[in-house]
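For reference, the structure discussed in these notes is given below.
The values are calculated or read from the model by the stated rules, or taken from the named source; none is laboratory data. Being a predicted model, the structure only gives us computed values, none of them experimental. Cβ coordinates were reconstructed from backbone atoms using ideal geometry, including for glycine residues, and neighbour counts include every protein chain displayed. Surface accessibility is based on the protein's heavy atoms, side chains included, excluding ligands, DNA and RNA. Shrake-Rupley method; radii C 1.70, N 1.55, O 1.52, S 1.80 Å.
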Amino acid sequence: MTIQVDNVKVQFGNVVALAGVSLQFGANQIVAVIGANGSGKSTLFNSITGFVDVTCGSIRIDGTEVVGVPAFKRIANGLARTFQTPRFDPFVTVEKAVMCGFYPVSRAGFMRSIFATPSARREEREIADKCDGLLHDFKLDGLRHMQMGELPMGQVRLVEVARAVANKPKYLLLDEPAAGLTKVEQTLLGDEIRRLSKSGVGILLVEHNFNMIRELSEHVVVLDRGAVLFTGKPDELAGNRDFVNAYLGTSGH
Ligand SMILES: Nc1ncnc2c1ncn2[C@@H]1O[C@H](COP(=O)(O)OP(=O)(O)OP(=O)(O)O)[C@@H](O)[C@H]1O
Ligand SMILES: [Mg+2]
């Protein structure tokens, strides 16, 4: 049960966003991806989820090649993500925003929902109950009737993570989920990420907060101008000269 990225290249015109990236992560693992602005972190996420076309290389999910497979099919097969810049209708309520996360795997089709068949109504009730559970887990109960446009960015991100985990993904890609969160919210998010990982979800985490990475992940991949500069344990990074030079300057302070 792994996502295996092999020698993936992505080019936008003359810009090489990924220059042959390989990595893998599996169930119960939290792999962190770090790198300077423009190093290709979001493009890596977009490649895995099918939001950009890869120029060459292979991406396998549980052994099945997904290059060329549309994003919606990858998502229906257990892949979920958040965006660096969350996208929500500002007028939708928190509750409805989280509920949307259940529909990619909903069994009730369009016609059954329209005609409100008993099974569709039962499923709607199940979804409402599960939604309550998620709002509770992410401490969003009190905000359920607020509109997304009224929330500060930290809470918008929490709603986005709650929505992403609604359909019980096998793999979860989080693009800077802690940006703009208060310390309390960061702890809550960290606990949820750990809990999801323990329950079997494989997680790829782009994060600038190195303390959070140290606490959550055993494995880190450093991207530098579209290439893998380092891969290993977070604690090994401090002693890696390439990393120190690239991120802290050649003096190593
Ligand atoms: N859709 C696009 N069209 C053209 N160029 C793009 C596109 N998406 C990304 N790029 C370019 O590809 C490179 C990698 O960008 P990417 O957004 O993946 O970096 P990042 O590591 O996520 O950066 P940040 O830390 O700022 O989020 C950058 O040079 C960026 O300008
Ligand atoms: Mg990015």
Complete set of residues in the stretch 45-98 that are within 16 Å of ligand 1 (Cβ to nearest atom), open to solvent by 50 Å² or more (accessible area, probe 1.4 Å) and over 18 Å from the mean Cα position of the chain (by Cα): Asp53, Thr55
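Regarding Phe25, is this residue aromatic (Phe, Trp, Tyr), touching a helix residue (DSSP H, G or I) at 6+ places or on another chain (Cβ under 7 Å) and closer than 30 Å to Asp191 by Cβ?
For Phe25, the condition - aromatic (Phe, Trp, Tyr), touching a helix residue (DSSP H, G or I) at 6+ places or on another chain (Cβ under 7 Å) and closer than 30 Å to Asp191 by Cβ - is not met.
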Condition first: open to solvent by less than 30 Å² (accessible area, probe 1.4 Å) and of a type in the set (A, V, I, L, M, F, W, C). Now tell me which residues in the stretch 176-187 satisfy that. Ala178, Leu181
If you go through Ala120, Ala162, the only one that is within 18 Å of the chain's Cα centre (by Cα), part of a helix (DSSP H, G or I), aliphatic (A, V, I, L, M) and surrounded by 13 or more Cβ atoms within 10 Å (Cβ to Cβ) is Ala162
Residues of the stretch 166-175 being within 16 Å of ligand 2 (Cβ to nearest atom) and either open to solvent by 30 Å² or more (accessible area, probe 1.4 Å) or modelled with pLDDT under 95 (or both), which ones? none
Output yes when any residue across the stretch 36-43 is within 23 Å of Asn167 (Cα to Cα) and touching an Asp or Glu at 6+ places or on another chain (Cβ under 7 Å), and no when none is. yes
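Going by what's in this entry, would Leu173 be described as assigned to a helix (DSSP H, G or I) and either under 22 Å from Asp132 (Cβ atoms) or not hydroxyl-bearing (Ser, Thr, Tyr) (or both)?
Working: assigned to a helix (DSSP H, G or I): no; either under 22 Å from Asp132 (Cβ atoms) or not hydroxyl-bearing (Ser, Thr, Tyr) (or both): yes.
In short, no.
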Hey, any hits in the stretch 188-206 for a residue that's open to solvent by 20 Å² or more (accessible area, probe 1.4 Å), away from ligand 1 (no atom under 15 Å from the Cβ) and β-branched (Val, Ile, Thr)? no
Would you confirm, using the coordinates I've provided, whether Leu181 is in a loop (DSSP other than H, G, I, E, B), away from ligand 2 (no atom under 15 Å from the Cβ) and under 26 Å from Leu237 (Cβ atoms)? yes
Some residue of the stretch 11-33 being crowded, with 16+ Cβ neighbours inside 10 Å, within 12 Å of ligand 1 (Cβ to nearest atom) and either free of Cβ contacts under 8 Å to residues at least 24 places away in the same chain or within 14 Å of the chain's Cα centre (by Cα) (or both): yes
